[in-house]
1. Residue under question is residue B:159, and the condition is that it be open to solvent by 30 Å² or more (accessible area, probe 1.4 Å) and within 16 Å of ligand 3 (Cβ to nearest atom); does it hold?
2. Condition first: outside any loop (DSSP other than H, G, I, E, B), surrounded by 18 or more Cβ atoms within 10 Å (Cβ to Cβ) and more than 16 Å from ligand 3 (Cβ to nearest atom). Can you find one or more residues in the range A:151-159 that meet it?
3. Give all pairs with beta carbons closer than 6 Å in which a residue from the range B:116-133 that is touching a residue at least 40 places away in the same chain (Cβ under 8 Å) meets a residue that is part of a loop (DSSP other than H, G, I, E, B); count only pairs at least 6 apart in sequence or on separate chains.
4. Output the number of the condition that residue A:45 fails; it satisfies all remaining conditions of (1) open to solvent by 20 Å² or more (accessible area, probe 1.4 Å); (2) closer than 30 Å to residue B:18 by Cβ; (3) not in a helix (DSSP H, G or I).
5. Cβ-Cβ below 7 Å, separation at least six or inter-chain, first residue in the range B:18-43 and closer than 19 Å to residue A:41 by Cα and in the same structural domain as residue B:63 (by TED's automatic domain parsing), second within 16 Å of ligand 3 (Cβ to nearest atom) and open to solvent by 10 Å² or more (accessible area, probe 1.4 Å): which pairs?
6. Which of the residues that make up the range B:162-190 are assigned to a helix (DSSP H, G or I) and open to solvent by 60 Å² or more (accessible area, probe 1.4 Å)?
7. For the structure I just gave you, tell me whether residue B:55 is in contact with a Ser or Thr (Cβ under 9 Å, 6 or more places away or on another chain) and facing chain A (nearest Cβ under 9 Å).
8. Give all pairs with beta carbons closer than 8 Å in which a residue from the range A:1-18 that is in contact (Cβ under 8 Å) with a residue 60 or more places away in the chain meets a residue that is buried (at least 19 other Cβ atoms within 10 Å of the Cβ) and assigned to a helix (DSSP H, G or I); count only pairs at least 6 apart in sequence or on separate chains.
Amino acid sequence: MDFLRPASWEEALAAKGEHPTAVPIAGGTDVMVEINFDHRRPEYLLDLNRVGDLYEWETGEDSVRLGASVPYSTIMEQLRAELPGLALASHTVASPQIRNRGGVGGNLGTASPAGDAHPALLAAGAEVEVASAARGTRMIPIDAFYTGVKRNALEPDELIRAVHVKKADGPQQYSKVGTRNAMVIAVCAFGLALHPRTRTVRTGIGSAAPTPVRAEAAEEFLNAALAEGGFWDNGKIITPSVAKQFADLCAAACNPIDDVRGTASYRRHAVGVMARRTLTWTWESYRGARRTEGAA
Amino acid sequence: MRVNFTVNGRPQEADDVWEGESLLYVLRERLGLPGSKNACEQGECGSCTVRLDGVPVCSCLVAAGQAEGRDVVTVEGLGDHARQRSCGGSDGVPLDAAKGWAAKAGTDSQAGEGVELAPIQQAFIDAGAVQCGFCTPGLLVASDELLERNPNPSDADIREALSGNLCRCTGYEKIMDAVRLAAARQSEGV
Ligand SMILES: Cc1cc2nc3c(=O)[nH]c(=O)nc-3n(C[C@H](O)[C@H](O)[C@H](O)COP(=O)(O)OP(=O)(O)OC[C@H]3O[C@@H](n4cnc5c(N)ncnc54)[C@H](O)[C@@H]3O)c2cc1C
Ligand code: FES
Ligand code: FES
């Protein structure tokens with residue numbers, strides 16, 4: 001095994017170009033488990049810890065360009081206002097020690113259907129900025145990033161530079177089912193974001209299909225129902241039958257399996273429950289914000 | 001490969017390190033510092049917790065090469081680290097003294113007598129928060145970092161900070177007592 005230690009982003013891309021089989025290691029919270037248990041013996045480890053760019057983020061007008069290695073603990077502390085859904089999801093990851101090391105780049109690299117960043121990114125709207133020494137930078141829409149169980153759209157010579165996550169323009173929520181609060185891989189998870197500016201709702205489902213997915217039919221139904229009833233303007237409580245239909249469509253978007261953590265039917269049921277709850281929570285805070293704005 | 005880094009305030013060099021080796025392995029097997037425990041090697045238990053450039057991490061999930069040039073504090077250096085925090089200035093703990101710490105603690109029922117303990121270590125002893133002791137080093141490092149960051153933690157803060165550390169013996173209540181005790185002593189300045 002060789003340990004490659006690029007000191008800059010350019011060096012990292014060059015190393016990955018030269019050794020496409022090299023396994024990048026950022027926080028190591030996925031990679032080291034595999035090495036410790038002898039599940040993986042890469043020819044090259046490509047250490048990204050010295051690439052400072054990957055630990056930085058910039059807040060633009062519409063989105064945050066989040067460096068691939070920014071740890072979850074920093075997202076929770078520094079980006080709660082801009083990226084509330086991702087900050088909530090980050091807080092549910094493992095433990096403080098893991099959150100101090102692991103980040104979204106590694107979560108995307110692993111592309112586990114259970115990864116907690118994914119539903120939040122899908123709901124908020126995001127693009128993954130990847131690059132190679134040979135072909136430069138390209139942007140992958142988050143909806144096209146997950147290509148199969150633990151598979152993503154990266155080419156062998158590419159690295160993830162950053163994720164461009166849409167800044168929240170309304171309330172966002174993240175909900176996760178597990179046996180306890182800390183150190184739990186999701187049985188299933190659900191992210192929801194209201195986008196009042198475009199009058200749309202977006203969703204993300206974790207651990208209930210081969211890849212993280214959006215519940216697109218549910219989103220379309222809800223967007224139409226909210227528009228039709230003038231809900232964005234009148235700020236009324238969402239009709240229970242609408243919320244129920246939304247929840248049922250979210251459950252129907254799942255394609256889960258039975259495994260040690262839960263059965264397929266439990267997952268489908270739980271996703272429906274989380275969909276209704278997160279819709280209620282976010283809608284309540286949207287209504288609350290409207291009331292305070294109205295009063296001001 | 002060779003790895004150069006700072007451990008408990010002193011520069012150290014580890015040779016013949018395998019590229020896939022963890023920082024935990026290097027600390028225990030190459031530097032002779034068995035304070036950090038190996039219980040799961042998968043980030044689940046926290047017994048291998050050390051500070052890496054000040055940040056609590058599972059040393060079993062840090063590749064040794066990633067520690068190159070960086071600063072590591074282990075439980076063996078905790079007393080010195082705490083002393084340095086309260087009075088400033090220290091030359092660090094020599095490797096031999098750090099190794100000796102473990103030996104003394106092993107031969108003496110008054111765990112670590114003759115070695116100045118960090119306040120959090122004393123509090124764990126006084127509160128009866130140590131049973132088999134396997135989880136203790138990780139809990140000490142995590143608790144000490146909490147009190148450095150947040151001198152008056154609520155119970156919820158303590159639970160959150162220690163949520164990555166498993167203990168199979170105590171049921172956690174005595175550990176909570178110990179952290180509360182250390183926080184109280186710290187704020188009284190004893
Ligand atoms: C005890 C424990 C509990 C966990 N709990 C959770 C949990 O609750 N929720 C959750 O989502 N995850 C959990 N995980 C998994 C892990 O912490 C996350 O997936 C984390 O986001 C990985 O980030 P990392 O930086 O540590 O990745 P690494 O382990 O460094 O890398 C992960 C993968 O991504 C690749 N990679 C990393 N950076 C890049 C890059 N810039 N470009 C291209 N590829 C890259 C690596 O090659 C590797 O394939 C847990 C892990 C442990 C050990
Ligand atoms: S040995 Fe590192 S967390 Fe258990
Ligand atoms: S005292 Fe035995 S595991 Fe905690």
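1. Yes: the conditions hold for residue B:159.
2. yes
3. B:124/B:130
4. Failing condition for residue A:45: (1).
5. Every condition considered, the pairs that remain are B:24/B:38.
6. Hits for the range B:162-190 are B:173, B:174, B:177, B:180, B:185, B:186, B:187, B:188.
7. yes
8. Pairs found: A:9/A:54.
The values are calculated or read from the model by the stated rules, or taken from the named source; none is laboratory data. Computed from a predicted structure; not experimentally measured. Because the Cβ atoms are built from the backbone with ideal geometry, glycine has one as well, and the counts that use them run over all protein chains shown. Keep in mind that these areas ignore ligands, DNA and RNA; they rest on the heavy atoms of the full protein, side chains included. Shrake-Rupley method; radii C 1.70, N 1.55, O 1.52, S 1.80 Å.
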